[in-house]
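The values are calculated or read from the model by the stated rules, or taken from the named source; none is laboratory data. Keep in mind that this is a model prediction, so the values were computed, not measured. Ideal geometry is used to build each Cβ from the backbone, glycine not excepted, and the neighbour counts take in all protein chains shown. With ligands, DNA and RNA removed, areas are computed over all heavy atoms of the protein, side chains included. Shrake-Rupley method; radii C 1.70, N 1.55, O 1.52, S 1.80 Å.
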Amino acid sequence: CAQGGTCAIGDTGPGGGIVFYVASTNFTSTGSDCGTECKYLEAAPTDHPTQIAWCSDTTSALGTTATAVGTGMANTTTADGTCTSGAIQTAADYTNNGKTDWHLPSKDELNELCKYARTREGQTSCQGTGTTRTGFSTGIYWSSSEDGAGTARSRSFSTGLAYFSLKTNPHYVRPVRAF
């Protein structure tokens with residue numbers, strides 16, 4: 001998988017991360033190396049070491065409301081022009097295994113990551129009871145999808161519940177990339 005072959009969930013991807021999503025058909029991830037030919041999502045091997053706010057600008061709508069799989073990179077790229085710190089900036093600046101096209105996952109990408117982290121394969125949501133895989137926090141993670149000027153989407157990896165969090169709240173960050 002890491003050298004360009006077929007990937008399965010749990011494999012190590014070309015960016016050195018964990019493959020957590022395999023699409024049935026190709027999807028577009030504008031700004032990612034794969035462009036319109038994306039098939040997989042991989043997560044960075046570890047979380048950012050501390051919980052952080054969403055962005056240095058916590059009071060403006062930055063136009064990152066897309067939620068679908070494949071939209072996280074465009075959201076991150078759009079917000080990165082304004083954010084000088086926070087989850088957006090951290091994900092945009094992340095590099096691993098020579099890959100620089102990492103981003104903060106969109107709401108739906110984060111749901112897929114949560115499903116993987118909670119070991120509930122075949123589920124449409126990560127909500128409900130489940131065990132969290134080693135290497136993932138049971139806390140709340142940021143997505144790149146805004147809800148409004150002062151809030152952005154997030155998800156608890158403990159309960160699977162989705163939230164509209166204040167952008168000032170400190171949450172976990174796990175960069176992802178499409179390939």
Next item on the list: Report the net charge of residues surrounding H171, where surrounding means a beta-carbon distance below 12 angstrom and charges are Lys +1, Arg +1, Asp -1, Glu -1.
Entry: +3
Next item on the list: Quickly work out the T134-to-E37 label distance, labels modelled 7 Å from Cα along the C-beta direction, and quote it in nm with one decimal.
Entry: 3.7 nm
Next item on the list: Would you mind calculating the gained length between T25 and T95 on full extension (0.36 nm times residue separation, minus the Cα-Cα distance), in nm to one decimal?
Entry: 22.5 nm
Note to self: Mean-square fluctuation check for the chain, GNM, Cα pairs under 10 Å: which of L166, L110, L41 is largest?
What the structure shows: L166
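How high is the relative contact order of the chain, given as a whole-number percent (alpha carbon pairs under 8 Å, six or more residues apart)?
26 percent
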Item checked: Spatially near lysine pairs across the chain, Cα under 22 Å, sequence gap of 8 or more or different chains -> 5
Check: Relative contact order (percent) for region 76-179, with alpha-carbon contacts under 8 angstrom and 6 or more residues of separation?
Finding: 26 percent
Item checked: Taking the C-alpha atoms of the chain, convex hull volume expressed per residue in Å³ -> 95 Å³
Notebook entry, point to check: With r defined as the distance between the Cβ atoms of L166 and T84 and R0 fixed at 30 Å, what FRET efficiency is calculated, to the nearest 0.05?
Noted result: 0.95
Margin query: Per residue of region 98-105, what does 6.51 cos²θ - 1.76 cosθ + 1.60 with θ = phi - 60° give for ³J(HN,Hα)? Whole Hz please, x for Gly and Pro, Karplus curve as stated.
Written below: x, 9, 10, 9, 8, 8, 7, x
Check: Contour minus end-to-end for T50 and Q3, with contour as 0.36 nm per residue of separation and end-to-end as the Cα-Cα distance?
Finding: 13.8 nm
Checklist line | Amide H contacts of Y21 (H built 1.01 Å from N, under 5 Å, at least 5 apart or other chain) | finding: L41
Item checked: Positive dipole terminus of the chain, leading residue within P105, A91, L161 (C-beta point charges) -> L161
Notebook entry, point to check: Given +1 on the Cβ of Lys and Arg, -1 on the Cβ of Asp and Glu, and no further charges, what dipole in debye does region 25-138 carry about its Cα centre, rounded to the nearest 20?
Noted result: 380 debye
Item checked: Accessible-area value, T168, 1.4 Å probe, nucleic acids and ligands omitted, Å² -> 80 Å²
